[in-house]
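Handing you a structure now.
The values are calculated or read from the model by the stated rules, or taken from the named source; none is laboratory data. Predicted model only: the values in this text are computed from it and were never measured. Don't worry about glycine lacking a Cβ; one is built from the backbone with ideal geometry, like all the others, and counts go over all protein chains shown. For accessibility, only protein heavy atoms count, side chains too; no ligands or nucleic acids. Shrake-Rupley method; radii C 1.70, N 1.55, O 1.52, S 1.80 Å.
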Amino acid sequence: MHGRPRKSPTREDEAASAATGKNLGFLQSQLLYNHHKKIYNEEALDLSAKTLQINPDLYTAWNYRRLAVQHKLAAAHPEFNSIFDPELRLVESALRTNPKAYGAWYHREWVLRRLSKARSSSSSYLNDYLDHELQLLETLLKHDSRNFHAWNHRRFVAALFNTSDQEELKFTNEMIQDNQDNLSNYSMWHHRRVLLSGLLKKKAQGFSSKEKVLHDEYQLVDGAIVAGTEDQSGWFYHLSLLEQTVNMDAPFLVSSWPSHGSNVLLSRNRCSDDCSLSQFDSFHSSSGTFPLILYFTKAVQGVNSSTITIESSFCTKNDLHWTPLMQNRSQFSQAWVTHIIFPAARPHSSEPYLLEISVGQSQGIISRNGFPYSHPTQFNFKVRLCLGKTERGEVEDLDGDIILWKDENFHALQTKSQEPHEAVSFDQLIINDVHEPNTSNWRAAIVANEIDFFQTLLFYKIGILTLARLLTAKNVLLSRCTNKTVHSKVLELYKDLIKLDPLHSQYYKDQHSIVFLQEVTSNRESLQRHCCSYKNFASASIGNYKCVRLNNISLSRMGSVEKLLWVSMLDLSHNELCSIEGLEAMQLLSCLNLSVNKFSGFSALGPLRLLKSLEVLNISYNEIGLHTTDTARYLCSSPLSHTEETSWNCDEIVPGGVSVMNYWEAFLIFKSLRLTQLDIAGNAIAGENFKSFLVKVVPSLQWLDGDKLR
């Protein structure tokens, strides 16, 4: 391990090992007996100590020792030294047998926690233990500087005894100076990364200037990479520095729907003869509500009626409930949504209603890493109610027409105005921050220097990958200042990596897809090439959808959804998608085509449950039901850990007598959807029994695999 050759055991070694094993068996049986009978006398403790000195990986023995400690502490006047010191000595003895015994390290941390709690009033007493721990760790790290258990324990000790992060960072410097081999030490670099992140976050003395700190760190790691270009530890540390360079500490609002300055026409039915506004300014909902979506640069919590204020003549903040758009139960999310009730109809007035939104005027929004929202933002938009058949008291024909995904039903978008349009030129919210230009300048300068440096290291695959990441970072920084980005070089690098390193081709394909979507959504012209209008010539109704077609372009992962919040019809067919993570933010989606992709099971379709406007879904010709085991479960959390209710009855019988247990994953996806059209043909699961199940679980279905149901 770590380049250290192992010696083959001699006959004497094998004989000694056999004798030790026989003795260990006897000791373990006695220990289990004492454990069962709750015997904690000195003889029993000595026996457990002998057992752990031979086999420090025996978790039951460590648990027994903890129970014994608790038994002694329960005495009337416990003597702390006589209780804790033997435990610490035993751990040291066990670590000499196996320096990486998980149970031994955990037991030591447990003892030190109890010790610090018992002796919290005596600082000098605890300092003696701190000095001893640091000496022990120094000895262990000299023996094996890559022992990540020792590094983890060092962080634990530093936190427990309030050792300064500056001192710990100084220790890593000394490790590098004493032994250049530590430049290839993953554990050391990780320790340094954790310390540096904390010091920058706290803006500790000497770390208030992020520009200077990162400049020095880049010089250090660039030297390490040159010294050992084939060692990846320095490259990974470089990646962490790049994230520190590009990512803004505080979260801020990056997009919304409705967007700033937009005019939205609201109607309860899709086909409205008197709707004069462009189709890209309209929203249709039979429920009489429309979503307000906020998308942040980072996952945040604290989005509520206190931190988000809405000023309008028909809506108050007390009427609103904000929901994080996440599959899991975390209260942190990049996308948040609330639903606003349509304003009352005004038959004799065409004046729109103005809504003014204020974000972060009061504190409470905070990112997962503890940074508060510090960019108070205001935006506004107007809404007007369209008086369609429903609002005029007429009966609406609810017998919907089938949606066809053929090329002849989609036509290039024709805009009536040369002005920028919401659909093809998203107007991002302008965050006024006087420090932002200077901040972006030094970040861009650092990235530019690193790009020049890595141009000389393209004979390594990881060098090509790092250059691709640096160019992507450059695009991110450019987009903040000028909205002018260059993605073509990055796409070429990922194509090269797919050929050079087929073992990791899926990762490169995913990154290529993300960059490609960034390019598509980066400006009006590129996005307009994928926007279109939909028309079913067999129907007299108007297909009033905001359509984007991203089909047949080898996408393996979704991205840039913050630029697509306005889309109501999305074609992702004929790609290589295995997941639709992120799609849950697109709350306006009513028609979605996922046919001819690589979905292996319903677990990968979890985000669909959050798309409350979804009416038309095509998942035909995938791999659903083809595999005995749904491999998507191992790529993401179990469906039961997502937003699905854990209280559902697995023996539940849906109307018609179909057992949920046969298709429980499908049930969790479809039970909350109000689909009118579904295509599942071409999947292994798409038999008659499953179709019967769907008809009963989704009573709103009118079309199934192109056949009219009612």
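Any idea which residue in the range 453-468 is surrounded by the most Cβ atoms within 10 Å (Cβ to Cβ), counting only those that are polar (S, T, N, Q) and modelled with pLDDT of 90 or more?
As a first pass, look at the range 453-468 and keep what is polar (S, T, N, Q): 455-456, 466.
Filter once more, keeping what is modelled with pLDDT of 90 or more: 455, 466.
Details: GLN455: 11, THR466: 23.
My answer is THR466.
Which of the residues that make up the range 96-111 are under 35 Å from the mean Cα position of the chain (by Cα) and not in a helix (DSSP H, G or I)?
PRO99, LYS100, ALA101
Here's something else I'd like to know. I'm told LEU115 meets every condition in (1) open to solvent by less than 40 Å² (accessible area, probe 1.4 Å); (2) at pLDDT below 90; (3) not in a helix (DSSP H, G or I) except one. Can you identify the failing condition by its number?
(3)
Residues in the range 390-398: is at least one open to solvent by less than 80 Å² (accessible area, probe 1.4 Å), touching a Ser or Thr at 6+ places or on another chain (Cβ under 7 Å), at pLDDT 90 or above and not polar (S, T, N, Q)? Step through it out loud before you land on a result.
Start the filter on the range 390-398 by keeping residues that are open to solvent by less than 80 Å² (accessible area, probe 1.4 Å), which leaves 390-391, 393, 396.
Of the ones still in play, those that are also touching a Ser or Thr at 6+ places or on another chain (Cβ under 7 Å) are 396.
Add one more test, that the residue is at pLDDT 90 or above, and what stays is none.
Looking for residues that are open to solvent by less than 80 Å² (accessible area, probe 1.4 Å), touching a Ser or Thr at 6+ places or on another chain (Cβ under 7 Å), at pLDDT 90 or above and not polar (S, T, N, Q), one finds none in the range 390-398, hence no.
Moving on. Picking from SER573, SER554, SER595, which residue would you name as being in contact with a Gly (Cβ under 9 Å, 6 or more places away or on another chain) and among the hydroxyl-bearing types (Ser, Thr, Tyr)? Step through it out loud before you land on a result.
Numbers: SER573 fails: in contact with a Gly (Cβ under 9 Å, 6 or more places away or on another chain); SER554 fails: in contact with a Gly (Cβ under 9 Å, 6 or more places away or on another chain).
Of SER573, SER554, SER595, the one residue that is in contact with a Gly (Cβ under 9 Å, 6 or more places away or on another chain) and among the hydroxyl-bearing types (Ser, Thr, Tyr) is SER595.
Would you pick out the residues in the range 76-90 that are modelled with pLDDT of 85 or more and open to solvent by 30 Å² or more (accessible area, probe 1.4 Å)?
Our first condition is that a residue be modelled with pLDDT of 85 or more; within the range 76-90, this holds for 82-90.
Within the range 76-90, SER82, ASP85, PRO86, ARG89 qualify.
May I ask you to say which residue of ASN162, ASN147 is open to solvent by 60 Å² or more (accessible area, probe 1.4 Å) and over 20 Å from ALA61 (Cβ atoms)? Spell out how you get there, then give the answer.
Details: ASN147 fails: open to solvent by 60 Å² or more (accessible area, probe 1.4 Å).
From the options ASN162, ASN147, the qualifying one is ASN162.
Considering (1) open to solvent by 10 Å² or more (accessible area, probe 1.4 Å); (2) touching a residue at least 60 places away in the same chain (Cβ under 8 Å), say which one CYS578 fails and leave the rest.
Tallying (1) open to solvent by 10 Å² or more (accessible area, probe 1.4 Å); (2) touching a residue at least 60 places away in the same chain (Cβ under 8 Å), CYS578 fails exactly one: (2).
How do the pairs read when you match residues in the range 441-458 that are part of a helix (DSSP H, G or I) with residues anywhere that are open to solvent by 40 Å² or more (accessible area, probe 1.4 Å) and of a type in the set (Asp, Glu), using Cβ under 6 Å and keeping only pairs 6 or more apart or on different chains?
Sorted first by the residue in the range 441-458, then by its partner, the pairs are TRP442/GLU211.
Can LYS535 be described as at pLDDT below 95 and surrounded by fewer than 22 Cβ atoms within 10 Å (Cβ to Cβ)? I'd like the intermediate steps shown before the answer.
Working: at pLDDT below 95: yes; surrounded by fewer than 22 Cβ atoms within 10 Å (Cβ to Cβ): yes.
Considered against the rule, which asks whether it is at pLDDT below 95 and surrounded by fewer than 22 Cβ atoms within 10 Å (Cβ to Cβ), LYS535 comes out as yes.
Could you tell me whether ALA604 is crowded, with 22+ Cβ neighbours inside 10 Å, hydrophobic (A, V, I, L, M, F, W, C), in contact with a Ser or Thr (Cβ under 7 Å, 6 or more places away or on another chain) and not assigned by TED's automatic domain parsing to the domain that holds GLN334?
Details: crowded, with 22+ Cβ neighbours inside 10 Å: yes; hydrophobic (A, V, I, L, M, F, W, C): yes; in contact with a Ser or Thr (Cβ under 7 Å, 6 or more places away or on another chain): yes; not assigned by TED's automatic domain parsing to the domain that holds GLN334: yes.
Yes: the conditions hold for ALA604.
Quick test for you: out of SER120, SER93, pick the one residue that is modelled with pLDDT under 90 and either part of a helix (DSSP H, G or I) or over 26 Å from GLU43 (Cβ atoms) (or both). Give the derivation first.
Working: SER93 fails: modelled with pLDDT under 90.
From the options SER120, SER93, the qualifying one is SER120.
For the range 154-179, name all the residues that are touching a residue at least 40 places away in the same chain (Cβ under 8 Å) and touching an Asp or Glu at 6+ places or on another chain (Cβ under 7 Å).
Listed by number, the residues that qualify are PHE156, VAL157.
I'm trying to understand the selection: among the residues of the range 326-375, which are touching a Gly at 6+ places or on another chain (Cβ under 9 Å), open to solvent by 40 Å² or more (accessible area, probe 1.4 Å) and modelled with pLDDT under 90?
GLN331, ILE341, SER374
So which residues in the range 281-303 are of a type outside the set (A, V, I, L, M, F, W, C) and either assigned to a strand (DSSP E or B) or open to solvent by 40 Å² or more (accessible area, probe 1.4 Å) (or both)? Reasoning before the result, please.
Applying the first criterion (of a type outside the set (A, V, I, L, M, F, W, C)) to the range 281-303 yields 281-282, 284-289, 291, 295, 297-298, 301-302.
Correct list: SER282, HIS284, SER286, SER287, THR289, PRO291, TYR295, THR297, LYS298, GLN301.
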